[in-house]
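Engineer: The structure's right below; bear with me while I get my questions together.
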Amino acid sequence: MVRGFYSAGTGLLTNSRKLDIAGDNMANTRTAGYKKNEAVSASFKDNLTVKIDKLSQEQKVQIGSMSGGQRIDSIFTDFEQGSLENTGSPFNLAIGGEGFFSIQEADNVVRYTRNGELGLDQNGFITNLKGGRLMGQNGPINTAGKPFEVSSDGGVYVDGNLVDKLAIYNPADTSTMVKYGEGMFVDTGTGAQKPFAGTIQQGYIEMSNVNMVDQMMGMMTSQRSFQSCSQILKMIDATLEKAVQVGRMG
């Protein structure tokens, strides 16, 4: 009985976490460059149950197995490309294919993003909306405050002259890319990269790769499972309470 209580409890926690993940994804449906999270659940390792006759360890009889319930095995980020939306703004860039924009943030650490919503700061540097500087192969890109054009291969031009080329970070293994917050990522791996084979599109923004219908269906499934586990816990609790009452009467 208590084992069932534990199994239902782990199911409750697992589905609660799935609901949190789906809610976070849905909240970022319109966030440029957002990459959805997915939860992978698994069962705890089954344990054998045995009957011990006469308290002798040598007279164990296997009578089945017991599941320890469900748990979140891992949470991974889905890097599938989102749709590209034409904004017509020269301050919007999108990557077609794999890779990330490199941004030097306020702490001077370079982090990575798919969000290409940009602007110019008072010193003429191209920045993201948080003030982080867009990195080129020669450092932060400065246009001296002038309008700029970006070619499909990442070249940044001012008055027709090449100023720099975007430092597109293209990790060999995206599984090592971890969300840092506000659309930024850090690479926890070796830093190994592969050649950038995509294109840069100026005047476009990559939208979130969240599918609202899929998230709502997943949320409904998790909600039903959560409610079922909750009802099971209540039933077990009521049964245990009756067992205690019977024991007192005896």
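The values are calculated or read from the model by the stated rules, or taken from the named source; none is laboratory data. Just so it is clear, the structure is predicted and the values come from calculations on it, not from any experiment. Counting neighbours? That spans all protein chains shown, and the Cβs are built from the backbone with ideal geometry, glycine included.
Engineer: List every residue pair whose Cβ atoms sit under 6 Å apart, with the two residues 6 or more apart in sequence or on different chains, where the first one lies in segment 7-32 and is of a type in the set (S, T, Y) and the second, anywhere, is modelled with pLDDT of 90 or more.
Structural biologist: That search, which allows pairs on different chains as well, returns T29/S208; T29/V210; T29/M212; T31/S208.
Engineer: State whether one or more residues within segment 163-184 are within 18 Å of D20 (Cβ to Cβ) and basic (K, R).
Structural biologist: Within segment 163-184, one or more residues are within 18 Å of D20 (Cβ to Cβ) and basic (K, R).
Engineer: Being under 26 Å from L12 (Cβ atoms) and aromatic (F, W, Y) is true for just one of F148, F185, F196, F226. Which residue is that? Steps first, answer last, please.
Structural biologist: Values: F148 fails: under 26 Å from L12 (Cβ atoms); F185 fails: under 26 Å from L12 (Cβ atoms); F196 fails: under 26 Å from L12 (Cβ atoms).
Matching residue, one of F148, F185, F196, F226: F226.
Engineer: Looking at K60, K45, K18, which one is loosely packed, with under 11 Cβ neighbours inside 10 Å, among the basic types (K, R) and at pLDDT below 95?
Structural biologist: Numbers: K60 fails: loosely packed, with under 11 Cβ neighbours inside 10 Å; K18 fails: loosely packed, with under 11 Cβ neighbours inside 10 Å.
Unique residue meeting the criteria: K45.
Engineer: Now a separate question. Go through segment 133-151 residue by residue and tally those that are under 28 Å from the mean Cα position of the chain (by Cα) and under 16 Å from N92 (Cβ atoms).
Structural biologist: Selection size over segment 133-151: 1.
Engineer: How about segment 70-110: which strands (runs of 3 or more DSSP E) wholly inside it have at least 2 residues that are modelled with pLDDT of 95 or more?
Structural biologist: Working: elements: 70-77, 84-86, 93-96, 101-104.
In segment 70-110, 84-86, 93-96, 101-104 are the strands (runs of 3 or more DSSP E) which contain 2 or more residues that are modelled with pLDDT of 95 or more.
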